[in-house]
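Peer 1: Before I ask anything, let me first share the structure, which is written out below as structure tokens.
The values are calculated or read from the model by the stated rules, or taken from the named source; none is laboratory data. What you are looking at is a predicted structure, and each value in this text was computed from that prediction instead of being measured. Reconstructed Cβ throughout: ideal geometry from the backbone, glycine too, with neighbour counts over all protein chains shown. When the accessible area is computed, the model is the full protein with side chains, heavy atoms only, and any ligands, DNA or RNA have been set aside. Shrake-Rupley method; radii C 1.70, N 1.55, O 1.52, S 1.80 Å.
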Amino acid sequence: MKFDRFFSALLTFCFIFPLYSHASETSFDTHSLSQDAYWLKLGHYLKGHFGNYTSTVDSKTFFLSPDGKSNPEKELKATIQAFYQGNPKENHQAICTFPARYHWLEELRGNKNITLNCPELQKWQKVIEPNKLTLVFPTAFMNNPSSMFGHTLLRIDAKNQNKNSELVAFAVNFAANPDTNDNAALYAMKGLIGSYPGRFTVMPYYKKVREYNDIESRDIWEYPLNFTTTEVNRILLHLWELEQAEFDYYFLDENCSYQLLALLQLANHDLDLVDDFPVTAIPSDTVKTLVKAGLTQPPKYREAFGTRLLHESDHVSERIYLATKKLKEEGIYPSDKEFTDSERAAILEFAYEWLNFELYDDGLERNSTAKRLTKILIARSRINAKSPFPPVPTPQTSPDQGHGSARIGIARNQYQHRQNTTSFEWRPSYHDLFDAQSGFIPGAQISFLDTKVNIDDNGHSELDHFYFMDALALAPSNRVFDSLGWGVKIGFDRPDATNESRLFIKGGAGKAWGQADHLHVYWLFEAELNQGQLTDHDFTLGVGAKSGLLYSLTTQHRIGIEAEWISLIDGITDDHSSIKGTWNWSLSTNTALRTEIGYSKWHEEEMNAQVTAYFYY
């Protein structure tokens, strides 16, 4: 009886398997299928202007054909051969390396009961228990050039997961792997030109929350995604394949958000998410794409450590603040004779949050700090009083509801000495101090490739300015945060009545005070290097200062004034200065009218005024 079963199985393997393999080889129309949208998504192929294809994957191990990166048809033929022809052991290895490709081909063959005998893959699936996905958006972090636009990652939600257990879920992250010896400026430059490799990694979600929420103090928005369990499994099968993949990482387009969209569109055949981003893929815009496609549920807000600490600071009196500081710095606990139970509860809770924040932010010694924190918690547990602090309010505008990151503008410019002009502006990304603040970090500015072309009334055109990078971080100092303000600007402009041009790079550091979303003042010490017509083509160094005031009248109206003075060293002029007043009126989420009046002096004095209509997209 056992011999009969063995003989029958042997006949099945020796006779039927070759027929199955042969049928698989000849049943696929590889020429047509190589142009199928799903196959192109599996290979991360993008179509060029001349009809050719190139994959965004840069590692050779992801392709089974030597020409696979640029030839979808050859890669498809090599895949079919690897799955269905030759040595069964090698077939099995290829299938377990590229299970998403195999699933797609088997579905085309009408196989509805696809099984994968891949122990490592099955072990991985069992550990993560995939059921749903959540898109996670940590907001911008101005102290890291790679995070100035925010970030996106995925959380894999397991079956029966609840709010208490979601921190131990797994996260899918795509990020650059930089050279640790690169400074911030070199890091930003290399990231713009794709000099860093990028890879997908899977890690516990609590590690990313600790990194973003606690260490970097970035608020997090979590968008549950409307994918079925079948669609989630398709996505994760391709994520398994991407273990073989490495990409060139570009901050502005092929970044974390772009690659996550490329992964998510593997959910089904008809989903196309990356075509909206031929030039740039800003994280907030990719979130908008998913919201617009109806793939998200209302987001949940997870406030940062620093947000919670500032919230508590705003709710305590100077007396409670001083008692909290004394507890945190000197270990002197509040007396029940001097403070009520509610006040002592506030002091202990505030001190715990403050000391815990400093543990991450200042890198305090962990063991001794942990003992101090435990002692504070024990003292708080002995007070029978409710928390005096209300919950941190959720911002009224989530990141997907802010203005578009790209902007075009049409302006009319009036000058005292130069000819009046009409100008056209374009900025591919991202946000400045006068744009509508809703959905963005108040007091922060980061823009790239800001370009303005003037056409005078005689029809002559010229480049007015090109700012490669213009970044400002003006987090206000207060009684719990002593923040450093800084700015960097690199580009070309014509700041003088003579219309002469210059190339420049400037940077500054200083302080800001007030409320970034209300009344906000700042001061920066600056240094700059100039070269061009304005300096007789000599390299001229200058040092000076810049100060300004920003005020939000309402969410629609934002006004400000900024003055700058630079003393030139060994230049053909002694100094140059400018002052400018601005009023930005946000007519809607994606339209604004901006009025500016300014004075500048380099070789000659100049007064100017302009009105600009901005359209965001």
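Peer 1: Please give the helix 119-128 orientation as an angle from the longest Cα principal axis of the chain, in degrees from 0 to 90, rounded to the nearest 10.
Peer 2: Taking Cα atoms only, the helix is inclined about 40 degrees.
Peer 1: Counting only helical runs of four or more DSSP H residues, what would the 222 nm mean residue ellipticity of the chain come to if each run contributes -39,500 (n - 2.57) and the total is spread over all its residues?
Peer 2: So the calculated ellipticity at 222 nm is -8500 deg cm²/dmol.
Peer 1: For the peptides 424-433, 378-387, what is the packing order when you average, over each peptide's residues, the other Cβ atoms within 10 Å and list the highest mean first?
Peer 2: 424-433, 378-387
Peer 1: Arranged from highest to lowest average of other beta-carbon atoms within 10 Å per residue, in what order do the peptides 294-303, 79-88, 109-118 appear?
Peer 2: 79-88, 294-303, 109-118
Peer 1: Using 1/(1 + (r/R0)^6) with R0 = 22 angstrom and r between the beta carbons of I408 and L553, what's the FRET efficiency to the nearest 0.05?
Peer 2: Calculated value: 0.30.
Peer 1: Would you mind working out the magnitude of the charge dipole of segment 485-597 relative to its Cα centre, with +1 at each Lys and Arg C-beta and -1 at each Asp and Glu C-beta, to the nearest 20 Debye?
Peer 2: Charge dipole, segment 485-597, about its Cα centre: 600 debye, nearest 20.
Peer 1: Nearest 10 degrees is fine. How inclined is helix 99-108 to the longest principal axis of the chain, computing both from alpha carbons?
Peer 2: The answer is roughly 60 degrees.
Peer 1: Mind listing the phi-derived Karplus ³J(HN,Hα) values for segment 48-63, rounded to whole Hz, using 6.51, -1.76 and 1.60 with θ = phi - 60°, and x for any glycine or proline?
Peer 2: Once θ is set to phi - 60°, the couplings for segment 48-63 become x, 5, 9, x, 7, 10, 9, 7, 6, 6, 10, 8, 5, 5, 6, 10 Hz.
Peer 1: At a 1.4 Å probe radius, which order do H151, H49 fall into by accessible area, largest first?
Peer 2: H49, H151
Peer 1: Right, something else. Assigning unit charges at the beta carbon (Lys, Arg +1; Asp, Glu -1) and nothing else, what dipole magnitude in debye, to the nearest 20, does the chain show about its Cα centre?
Peer 2: Working: 59 positive and 78 negative charges, 560 e Å.
The calculation lands at about 2700 debye.
Peer 1: Packing-wise, with mean Cβ within 10 Å as the measure, how do 450-462, 223-235 rank, highest first?
Peer 2: Final packing ranking: 223-235, 450-462.
Peer 1: Using the alpha-carbon atoms, what tilt in degrees (0 to 90, nearest 10) does helix 2-11 show relative to the longest principal axis of the chain?
Peer 2: The angle comes out at about 60 degrees.
Peer 1: Another question, if that's okay. Between T498 and L373, with labels modelled 7 Å along Cα→Cβ, what's the label distance in nm to one decimal, could you check?
Peer 2: 6.0
Peer 1: Now a separate question. With 29 Å as the limit, write out which pairs from K300/K371; K60/K207; K112/K208; K132/K288 have Cα-Cα distances beyond it, or answer none.
Peer 2: Values: K300/K371 33 Å; K60/K207 31 Å; K112/K208 38 Å; K132/K288 20 Å.
Too far apart for the 29 Å limit: K300/K371; K60/K207; K112/K208.
Peer 1: At what distance in nm do the modelled label points of M607 and H311 sit from each other, each positioned 7 Å from its Cα along Cα→Cβ?
Peer 2: Reported label-point gap for M607 and H311 is 4.9 nm.
Peer 1: Go through (i) 25.2, 79; (ii) 24.2, 80; (iii) 29.4, 106 and flag the label whose value is the computed Rg and Dmax of the Cα atoms in Å for this structure.
Peer 2: (iii)
Peer 1: Quick one: what are the phi-derived ³J(HN,Hα) couplings along segment 418-426, Karplus 6.51/-1.76/1.60 with θ = phi - 60°, whole Hz, x for glycine and proline?
Peer 2: These are the phi-based 3J(HN,Hα) values: 7, 5, 5, 9, 10, 10, 10, 10, 8 Hz.
Peer 1: Follow-up. Picking from V316, W602, N87, whose Cα lies most toward the positive end of the charge dipole for the chain (charges on Cβ: Lys, Arg +1; Asp, Glu -1)?
Peer 2: So the residue we want is N87.
Peer 1: Determine the sum of side-chain charges near K41: Lys and Arg each +1, Asp and Glu each -1, restricted to other residues whose C-beta is under 14 angstrom from that of K41.
Peer 2: -4
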